Amino acid sequence: MKVVAITKVVFTLVGIGLLVGAVFAYRGTTSFLATAQSATGEVIDLLRARSSDSTTYKPMVRFVTASGQPVEFVSSVGANPPSYARGETVEVLYTPEAPQDARIKSFFSLWGVATVLGGMGCVFGAIGGGLWLAGWLGARKRAHLEAVGHPIQARLQGVERNTSVEVNGVHPYRVVSQWLNPETGEVHVFRSENLWYDPTPWLAREHITVLIAPGNPRQYLVDLSFLPKIAH
């Protein structure tokens, strides 16, 4: 399905972009810490920052540099409820070249951007990578069974929706068949790969070919080569 192909590309690219951003944020913080000096500051106000669905409070801090220059800055990190109170004393890190870009010495003030970007990048990358891996494993399994699989005729049971998979609110179809193993007397149920259209009109038959791995019917491939290809 075209949507699945687009999804794995988008998630992979977004994941890579977020991880690259996390690396730059990390390097920016380490570079800042390499030349930063420490000072004692005071929270003089809490500034309310509104977004579309939330409100946070960012501390405004005043401190004096080693050269005696008074500086006020607003932390880039906000929280609700506020992480600090007016009049609270905090440790501040700043560089002599740009004291107005000072930061409160706390984990999230220093590493929050890198942590958030890295976490989101891992999630998006894992989803995109998982889709690529699933496609690669599926193609590898198909090629193997097409090469060494033993064809058997399974009795067609019908078509079902695969409710474990959903894309844009749509569940794919699977062709279901079953086969009685004459050697063991066991009934095997075979489910095809996902189809993004209803194949029922093209299933006017009693049996369907299934390729099974030698000695292991649990590894199989339902042959749907007779079905029409979906248009792109």
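Exactly one residue out of ALA102, ALA25, ALA49, ALA36 is open to solvent by less than 50 Å² (accessible area, probe 1.4 Å) and touching a helix residue (DSSP H, G or I) at 6+ places or on another chain (Cβ under 9 Å), and it is ALA25. Considered as a group, the residues in the stretch 120-176 that are exposed (fewer than 12 other Cβ atoms within 10 Å of the Cβ) and among the charged types (D, E, K, R) include one that is farthest from the chain's Cα centre (by Cα), and that residue is ARG140. Per the listing THR30, THR56, the residue uniquely among the β-branched types (Val, Ile, Thr), touching a residue at least 12 places away in the same chain (Cβ under 8 Å) and open to solvent by less than 70 Å² (accessible area, probe 1.4 Å) is THR56. Taking (1) in contact (Cβ under 8 Å) with a residue 40 or more places away in the chain; (2) within 30 Å of VAL74 (Cα to Cα) in turn, LEU131 satisfies each apart from (2).
Looking only at the stretch 195-231, residues that are polar (S, T, N, Q) and either open to solvent by less than 50 Å² (accessible area, probe 1.4 Å) or without any contact (Cβ under 8 Å) to a residue 40 or more places away in the chain (or both) come to 3 in all. Restricting the stretch 73-94 to residues that are surrounded by fewer than 17 Cβ atoms within 10 Å (Cβ to Cβ) and hydroxyl-bearing (Ser, Thr, Tyr), which is farthest from GLY41 (Cα to Cα)? Across the stretch 73-94, the extreme among qualifying residues is SER76. Taking the stretch 181-194 as the range and being surrounded by 12 or more Cβ atoms within 10 Å (Cβ to Cβ) and either over 37 Å from the mean Cα position of the chain (by Cα) or within 18 Å of ARG155 (Cβ to Cβ) (or both) as the test, the residues that pass are ASN181, HIS188, PHE190, ARG191, SER192.
The values are calculated or read from the model by the stated rules, or taken from the named source; none is laboratory data. Nothing here was measured: the structure is a model prediction, and the numbers come from that model. Positions of Cβ are backbone-derived with ideal geometry, glycine not excepted, and every protein chain shown enters the neighbour counts. These area figures cover heavy atoms from the full protein model, side chains too; ligands, DNA and RNA do not enter into them. Shrake-Rupley method; radii C 1.70, N 1.55, O 1.52, S 1.80 Å.
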